[in-house]
Amino acid sequence: MVGTLHGGSPMSSTESFSYRSPISKLLRFFRRSRDQWKAKCKTAKQENKSLKTRLAKMKESRDRWKAEARCLRNNLPTEAVPAEEETKSRVPRPSRRRGRRT
């Protein structure tokens, strides 16, 4: 039985390898290892794709809500004071912490 190594040079089945285990066991191990790696990669790709889709939908929803909020804000009467300005104009009250004296 003659095959090729990664370097492209032919190898024969009589050549000795640095492995002490039988080739059939090594083949099973390497195939299983490869299959597990592929499955892991496939799962990661699916998760990445679903996260990208979820992010895109969340951005669309956020933009839709922002547009609705802006529209509602523009439709408010001009006499109404925005909540931010109202809280800024209030005088802050001293805190009532008990047990601490300086």
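The values are calculated or read from the model by the stated rules, or taken from the named source; none is laboratory data. None of the values given here were measured: they were computed from a predicted structure. Don't worry about glycine lacking a Cβ; one is built from the backbone with ideal geometry, like all the others, and counts go over all protein chains shown.
Of P77, P82, all but one fail to be surrounded by 10 or more Cβ atoms within 10 Å (Cβ to Cβ) and at pLDDT below 95; the exception is P82. Within region 23-39, residues that are free of Cβ contacts under 8 Å to residues at least 60 places away in the same chain reach partners that are not in a helix (DSSP H, G or I) with beta carbons closer than 6 Å, at six or more positions or on different chains, in the pairs L26/Y19. Within the bounds of region 6-14, is there any residue that is surrounded by 10 or more Cβ atoms within 10 Å (Cβ to Cβ), hydrophobic (A, V, I, L, M, F, W, C) and modelled with pLDDT of 90 or more? For region 6-14, residues surrounded by 10 or more Cβ atoms within 10 Å (Cβ to Cβ), hydrophobic (A, V, I, L, M, F, W, C) and modelled with pLDDT of 90 or more: absent.
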